[in-house]
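Data first, discussion second: the structure below is written as structure tokens.
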Amino acid sequence: MIPNNRLARKHSLLAGFTMAELIIVILIAGVMVTLAIPSFTSFMQNNRALTISSDFVNALSYARSEAVKRGVAVSICSASNSAYTACGGTGSWTNGWIIFVDAAAGGIVGGNTILRTHDALQTSSTFVTTQAFVNYAPSGFINSGAGSFTLSAPGCTGTNGRLVTLLSSGRVDVATVTCP
């Protein structure tokens, strides 16, 4: 024979939730999700500029190391189109970029060997500079293109933009800047 308290406990477990309890739980979950989504979206947008700057710094490091390894000049330039057949020649790098062997150090893809490319950035991302291309000498120093690159992503807030500064020594510095 089972004692009464065990039967009562077993019966209460089978009963489940009342409709009122279920509605309250759903309402609380809905409020929590409503409050969390804007914060998460802002977090994602602010980290997009960080991701772009990391990709660009990695591309610069790769171009520099290839110049030293190969013993020839290597350039990185903004892409003029999605086929990556030519440099953009403008101060906007939002179409992506091309890393290529550039023995003439002129910033022209032409018949040179393309080493790596980067896809176009998300719509409304900004990536501006006065540099049309960056050319690394076989020593790892900059032949041309030392300067700064400003990056921001759509929806960026506060100081979550990035300023990538390229020194003539070939080294890169990244700083946070105010989003436009």
| Can you tell which of Met19, Met44, Met32 shows the greatest fluctuation in a Gaussian network model of the chain with Cα springs below 10 Å? | Met19
| request: Taking the chain as the reference, fit the longest principal axis to its C-alpha atoms, fit the long axis of helix 19-70 to the helix C-alpha atoms, and give the angle between the two in degrees, 0 to 90, nearest 10. | output: 20 degrees
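What's the local net charge at Gly71, with K and R +1, D and E -1, over the other residues with C-beta under 14 Å away?
Numbers: positive: Arg64, Lys69, Arg70; negative: Glu66, Asp102.
Charge balance in the 14 Å sphere: +1.
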| Cα centroid separation, segment 128-180 to segment 15-83 (Å) | 20 Å
| field | For Gly147, net neighbour charge (Lys/Arg +1, Asp/Glu -1) across residues whose Cβ lies under 14 Å away | value | 0
| note | Dividing the mean separation of Cα pairs under 8 Å (6+ apart) by the residue count of the chain yields a relative contact order in percent of 19 percent
| Of (i) 11.5; (ii) 12.8; (iii) 17.9, which is the value of mean projected area of the Cα convex hull in nm² derived from the coordinates here? | (iii)
| task | Counting helices only, and only those DSSP H runs with n ≥ 4, report the 222 nm mean residue ellipticity of the chain as the sum of -39,500 (n - 2.57) divided by its residues, in deg cm²/dmol to the nearest 500. | result | -13000 deg cm²/dmol
| remark: To the nearest 20 debye, segment 18-177 has a Cα-centred charge dipole, built from +1 on Lys and Arg Cβ and -1 on Asp and Glu Cβ, of 340 debye
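The numbers here are math on the coordinates, done by the rules we state, and not lab data. Given the structure is predicted, the values throughout are model-derived calculations rather than measurements. Note that each Cβ is placed from the backbone with ideal geometry, even for glycine, and that neighbours are counted across all protein chains shown.
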